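Working notes, structure below.
The values are calculated or read from the model by the stated rules, or taken from the named source; none is laboratory data. Worth saying up front: this structure is predicted, and the values here are computed from it rather than measured. Cβ placement follows ideal geometry from the backbone for every residue including glycine, while neighbour counts extend to all protein chains displayed.
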Amino acid sequence: MSWMVLDPPIRLGAGGGIASMGKDLYKDYFGVPELEVSANKSKWPVPGQMSIKQNNIKEDMYWIPINFMDLVDANQGTLFASGNEFDWAEWGGRDEAKNNQFHEYLFTLAKWNNGGEITLKQGRDDPGVTWVNGEKVCEGLADADWAKDSDVGKFTAKAGEWTAIFAELGENTGECGYTLRSEPPPDDGTLDTMLLMAVASKGKIPVMWGYIKSSY
């Protein structure tokens, strides 16, 4: 699937990766409450969108699209530490002093042609929350190493309509990770019809080649 991710993340002070969960940092930095991001098409993030204020080390933050299968097809093998695990540190480098405490946000769209009840299974390191169309579906607030399917929730997808998925991840030192599985899997999962130039932050390789979807 294609995802948009916040780059760089919202850097925080000591303990902030956990303590700031539930404080709605997205509203502070982008002016939109977390619950409204996936509930309202007009609030969806768009590629290249910049935060309304800088993080605590004076960095502007941008929504960056990443099409993981495009990276695989382009033989960017070093970006995948093992199988389908995307290596963020390899993509952009890592400064431990900057990255030990932060919040990351992610956004994508998915479509189930037949609709019906969908089960989502979230894996996260450390705390994580996933919203679907404005509804909180998965939540795990503990400081924990990544584990498959740590938090499970359900929602009802409308047949043939795009479903907006928005996630928040907190990092409290060490490694950081997020995964999301769905049962059944979506029939389509990209972000609609506009061709973009490769997008890259300073010091990072281009993150996308090809199409990203936008269903406005």
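Please return the ranges of helices (runs of 4 or more DSSP H) entirely within segment 19-78 where 3 or more residues are modelled with pLDDT of 90 or more.
Once the helices (runs of 4 or more DSSP H) in segment 19-78 are filtered for at least 3 residues that are modelled with pLDDT of 90 or more, what remains is 25-30, 34-37.
So, residue 141, is that one touching a His at 6+ places or on another chain (Cβ under 9 Å), closer than 20 Å to residue 12 by Cα and either modelled with pLDDT under 95 or among the hydroxyl-bearing types (Ser, Thr, Tyr) (or both) or not?
no
For segment 23-40: of the residues being out of contact with any strand residue (DSSP E or B) (no Cβ under 8 Å at 6 or more places or on another chain) and in contact (Cβ under 8 Å) with a residue 12 or more places away in the chain, which is surrounded by the most Cβ atoms within 10 Å (Cβ to Cβ)?
So the residue we want is 30.
When segment 108-124 is examined, which residues are found to be farther than 24 Å from residue 45 by Cβ and either touching a Lys or Arg at 6+ places or on another chain (Cβ under 8 Å) or of a type in the set (Val, Ile, Thr) (or both)?
115, 117, 119
Can you name every residue in segment 127-150 that is closer than 14 Å to residue 22 by Cα, touching a strand residue (DSSP E or B) at 6+ places or on another chain (Cβ under 7 Å) and in a loop (DSSP other than H, G, I, E, B)?
127 - this is the single residue of segment 127-150 that is closer than 14 Å to residue 22 by Cα, touching a strand residue (DSSP E or B) at 6+ places or on another chain (Cβ under 7 Å) and in a loop (DSSP other than H, G, I, E, B).
Output the residue which, of all residues in segment 177-187 that are modelled with pLDDT of 85 or more and part of a strand (DSSP E or B), is farthest from residue 113 (Cα to Cα).
Filtering segment 177-187 for residues that are modelled with pLDDT of 85 or more and part of a strand (DSSP E or B), the one farthest from residue 113 (Cα to Cα) comes out as 178.
Could you check how many residues of segment 41-58 are touching a Lys or Arg at 6+ places or on another chain (Cβ under 7 Å) and surrounded by fewer than 20 Cβ atoms within 10 Å (Cβ to Cβ)?
2
Could you go through segment 100-122 and let me know if any residue there is among the aromatic types (Phe, Trp, Tyr), modelled with pLDDT of 80 or more, buried (at least 17 other Cβ atoms within 10 Å of the Cβ) and not in a strand (DSSP E or B).
Yes: segment 100-122 contains one or more residues that are among the aromatic types (Phe, Trp, Tyr), modelled with pLDDT of 80 or more, buried (at least 17 other Cβ atoms within 10 Å of the Cβ) and not in a strand (DSSP E or B).
Working only within segment 150-173, note down all residues that are within 22 Å of residue 184 (Cα to Cα) and surrounded by 15 or more Cβ atoms within 10 Å (Cβ to Cβ).
Hits for segment 150-173 are 150, 151, 153, 155, 157, 162, 163, 164, 165, 166, 167.
When residue 11 is evaluated against the numbered criteria (1) modelled with pLDDT under 90; (2) under 28 Å from residue 185 (Cα atoms); (3) in contact with a Lys or Arg (Cβ under 7 Å, 6 or more places away or on another chain), which criterion, by number, is the only one it fails?
Condition not satisfied by residue 11: (2).
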